[in-house]
Amino acid sequence: MSMFHLLGRNILNNIQGVGQATIMLAQALIGKPQPRKMLPLLIRQLYVVGVQSMLIIIISGLFIGMVLGLQGYTILVDFGAEQALGPMVALSLLRELGPVVTALLFAGRAGSALTAEIGLMRATEQLSSLEMMAVDPLRRVIAPRFWAGVISMPLLALMFNAVGIYGGFMVGVEWLGVDDGAFWSVMQSSVHWQDDVMNGVIKSLVFAVVVTWIALFKGYTATPTSPGISAATTQTVVYSSLAVLGLDFVLTAIMFG
Amino acid sequence: MGNLVEIKDVYFNRGERSIYEGVSLVIPRGKITGVLGPSGSGKTTLLRLIGAQLKAHRGEVLFGGQDMAKLGRSALYETRKRMSMLFQSGALFSEMSVFENVAFPLREHTKLPENIIQTIVKMKLESVGLRGAGGMAPSELSGGMARRAALARSIVLDPEMIMYDEPFAGQDPISMGMLVKLIDELNATLGLTSIVVSHDVKEVMSISDHLIVMANKKIVGEGTPQELRENGSELVQQFLTGAPDGPVPFHYQAKPYHADLLGAKP
Ligand SMILES: Nc1ncnc2c1ncn2[C@@H]1O[C@H](COP(=O)(O)OP(=O)(O)OP(=O)(O)O)[C@@H](O)[C@H]1O
Ligand SMILES: [Mg+2]
């Protein structure tokens, strides 16, 4: 087969995939809301997807904040500008590292788990069995997991930011001796609610939709065999990481460019 | 009483390979229909076509006179509430206990109060001999136990029609006898329609009112057990007696054995 043939086939397959994924999500989310049935399922998924990802997010946030404190200090101290450490740490986290690193960790921790779980449900005919019981697997299995991802990732990113700032504070102020008052007051005056905090949350929301969507779609369409599920899990992590980094550039250009 | 399911001249392919070439059969209402056939002859496929999880490429699959392939999404789900299926693999929900698995269709499709649900589930579990295992997770069950738990789940709503895919596989003789009796009784007392796919020829012959033998992408025999025993077809006789030599190939189609072993190009 010629190279162009392969390339064309690949692009067509990808477009078809996007179409299928859109149909899957639309069928899962559009319909009469059934809060009595959905709420318990959502809460369970919030626990699995969100609460169980908290530990890795908090520990990573702490370390990244500490590294930012250390790196920032060694750069800023040469210019005698170590009071600017507070805003440097806070802005890096709020605008970039918080949403992006949280999304990458989320893809590895929760996204891969979602793909494997749903792929296995397909392989063991649990999804077919739901269909035969006249229960729509899209609404029953996909929808609660999607909402859980979308709700929990921005919250996780906020936690990541808070812990990260505290890590920067520990290293910068407690260890390296930056002035305590300056650290917080300069940070407060240079961080803006709308520009920095809200834009970070919006980024995080976009990443949440994309990562959860990819994870669910890859699981739902996985080939129902062990190598099929393993490939789908890998694809989830690879595709969502690439999507997050690419989208981050686009969003940054729109928001801060 | 008429036929609950009618399949008319169905063709079905999996990719390039054809599975059915002109299959027609009927499932009489209120009776037990046994489906026999070699492994890979498309018995599970038949059940999935009836449940409209797969669509025929040609021909019609009628359930209660309706063409399943032409139903819209919500009409299809309404129709599926009238049937239930025991999957060959059991397909228990792994995140729920055995008890919750059996209770699931009740919680999903009825508004029964909790104490009645408890009673019904316990009765169904008792009937498959698993009342003591209600609190266990599906992963803690043996293969045969999982199959029986799935059976309890598929009968819990007392649907109009139940499709059993290999209900006896992996059962010891005692549970096997019990399951045969259970399926027979369900049919007699509730007047429902059953389709039993199984390789256990003796058991199926003993409970079925109507039998279908599939092979070579077609129906090779259909009728009462008595009619089939008297059927002149070698195919049917080979299957009923389990003779290794006969028109039903034990082997999946392949190039000649000696050519394959000698490494000849196909
Ligand atoms: N998902 C699938 N993709 C491709 N081919 C399939 C698939 N499932 C089944 N087949 C093919 O369809 C044919 C019929 O399969 P089916 O599962 O209906 O057989 P069966 O009669 O139930 O066999 P068994 O008694 O072993 O359960 C087989 O030849 C099989 O190779
Ligand atoms: Mg089968």
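The values are calculated or read from the model by the stated rules, or taken from the named source; none is laboratory data. What you see is a predicted model, and the numbers here were worked out from it, not measured in a lab. All Cβ positions, even for glycine, are placed from backbone atoms using ideal geometry, and neighbour counts span all protein chains on display. Remember, those area values only see protein heavy atoms, side chains included, never the ligands or the DNA or RNA. Shrake-Rupley method; radii C 1.70, N 1.55, O 1.52, S 1.80 Å.
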| Rounded to 10°, Cα long-axis angle of helix B:98-109 versus longest principal axis of chain B | 80
| Gain on full stretching of the segment that runs from residue B:78 to residue B:116 - 0.36 nm per residue minus C-alpha separation | 11.3 nm
| Once the Cα atoms of helix B:143-155 and of chain B are each reduced to a long axis, what angle between those two axes, in degrees from 0 to 90 to the nearest 10, is obtained? | 70
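When only Cα pairs under 8 Å and 6 or more residues apart are kept, what is the percent relative contact order across the stretch B:61-197?
Computed over the stretch B:61-197, the figure is 30 percent.
Find the percent of Cα-Cα distances in the stretch B:108-167 that exceed 13 Å, and round it to a whole number.
Numbers: 1132 of 1770 pairs.
Value for the stretch B:108-167 (Cα pairs over 13 Å): 64 percent.
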| query | Roughly what angle does helix A:112-123 make with the longest principal axis of chain A, taking Cα atoms, 0 to 90 degrees, to the nearest 10? | reply | 10
| Centre separation in Å (Cα based) which lies between the stretch B:1-74 and the stretch A:1-73 | 38
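Please report the equivalent ellipsoid semi-axes of chain B, computed as sqrt(5 x eigenvalue) of the Cα gyration tensor, largest first, in whole Å. Could the numbers behind the result be given before it?
On the way: eigenvalues 215, 97, 76 Å².
Semi-axes (√(5λ), whole Å): 33, 22, 19.
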| Within the accessible area of chain B, what % is carbon and sulfur when the probe is 1.4 Å and the other protein chains stay in place? | 54
| message | Give the average, rounded to an integer, of partner chain Cβ atoms located within 10 angstrom of each Cβ in B:95-106. | response | 1
| said: Test of the criteria: in the stretch B:87-162, which chymotrypsin sites (Phe, Trp or Tyr not before Pro) are in a DSSP loop and have at most 14 other Cβ atoms within 10 angstrom of their Cβ? | reply: none
| said: Give me log10 I(q)/I(0) at q = 0.07, 0.12, 0.16 Å⁻¹ for chain A, Debye formula, one equal scatterer per alpha-carbon, no solvent. | reply: -0.31, -0.77, -1.12
| said: In whole percent, and with a 1.4 Å probe on the protein chains, what portion of the accessible area of the stretch A:38-256 is carbon and sulfur? | reply: 72
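Roughly how many Å² is the accessible area per residue of the protein assembly as shown, as a whole number, for a 1.4 Å probe?
Accessible area per residue: 48 Å².
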| note | For the protein assembly as shown (alpha-carbon point model, no solvent) the Debye-based log₁₀ I(q)/I(0) at q = 0.06 Å⁻¹ works out to -0.42
| query | What residue among B:191, B:34, B:72 shows peak mean-square fluctuation when chain B is described by a Gaussian network model with Cα springs under 10 Å? | reply | B:72
| query | Put B:20, B:11, A:73, B:257 in order of accessible area, largest first, 1.4 Å probe: what do you get? | reply | B:257, B:11, A:73, B:20
| task | Please give the FRET efficiency for residue A:225 paired with residue A:29, using the beta carbon to beta carbon distance and R0 = 41 Å, rounded to the nearest 0.05. | result | 0.90
| At 222 nm, what helix-only mean residue ellipticity would chain B give, in deg cm²/dmol to the nearest 500, using -39500 (n - 2.57) for each DSSP H run of four or more? | -10500 deg cm²/dmol
